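First comes the structure, then the notes that go with it.
Nothing in this text is a laboratory measurement; each read-out follows from the coordinates by a stated rule. Everything numeric in this text was worked out from a predicted model, so none of it was measured. Every residue, glycine among them, receives a Cβ derived from its backbone with ideal geometry; neighbour counts consider all protein chains shown.
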Amino acid sequence: MQSLNDLRVKIDSIDAELIKLFEERMNISREIAEFKEKNGLSIYDQDREKKVIENNISHVSDELKVYVEEFVQCIMRISKKIQSKSTNVK
Ligand SMILES: O=C(O)C(=O)C[C@]1(C(=O)O)C=C[C@@H](O)C=C1
């Protein structure tokens with residue numbers, strides 16, 4: 001069994017990757033907001049959100065599906081906050 005410290009080192013490394021990807025995703029989200037602003041589209045897209053959730057839960061075990069859905073919904077909630085802060089789109 002690995003030591004607590006070894007396991008925490010692994011978690012820290014995974015967190016660093018997650019945060020880097022989170023930042024990248026939010027930068028893309030800002031670009032999408034600019035596109036939506038220019039093209040008169042609203043931030044919230046229910047069909048797209050359903051697809052994002054379905055796509056992501058399809059890759060995980062049944063046990064994790066409910067948590068992945070919660071995780072993706074949380075990411076999209078933050079994404080929408082960033083989109084509305086960075087543009088005049090609602
Ligand atoms: O795909 C879009 O239209 C986006 O604005 C991105 C995004 C997301 O963060 O995935 C955010 C808001 C929408 O409701 C749907 C998806």
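Figures for the structure shown
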| quantity | calculated |
| --- | --- |
| Residue in region 39-49 that is surrounded by the most Cβ atoms within 10 Å (Cβ to Cβ), counting only those that are near the ligand (Cβ under 10 Å from one of its atoms) and not polar (S, T, N, Q) | ILE43 |
| Residue among LYS36, LYS80, LYS65 that alone is free of Cβ contacts under 8 Å to residues at least 60 places away in the same chain, surrounded by 15 or more Cβ atoms within 10 Å (Cβ to Cβ) and touching a Phe, Trp or Tyr at 6+ places or on another chain (Cβ under 7 Å) | LYS80 |
| From the options VAL9, VAL52, VAL60, residue that is surrounded by 11 or more Cβ atoms within 10 Å (Cβ to Cβ), away from the ligand (no atom under 16 Å from the Cβ) and assigned to a helix (DSSP H, G or I) | VAL9 |
| Residue match in region 18-29 (condition: β-branched (Val, Ile, Thr), in contact (Cβ under 8 Å) with a residue 40 or more places away in the chain and within 15 Å of the ligand (Cβ to nearest atom)) | no |
| Complete set of residues in region 32-48 that are part of a helix (DSSP H, G or I) and closer than 15 Å to ILE82 by Cβ | ILE32, ALA33, GLU34, PHE35, LYS36, GLU37 |
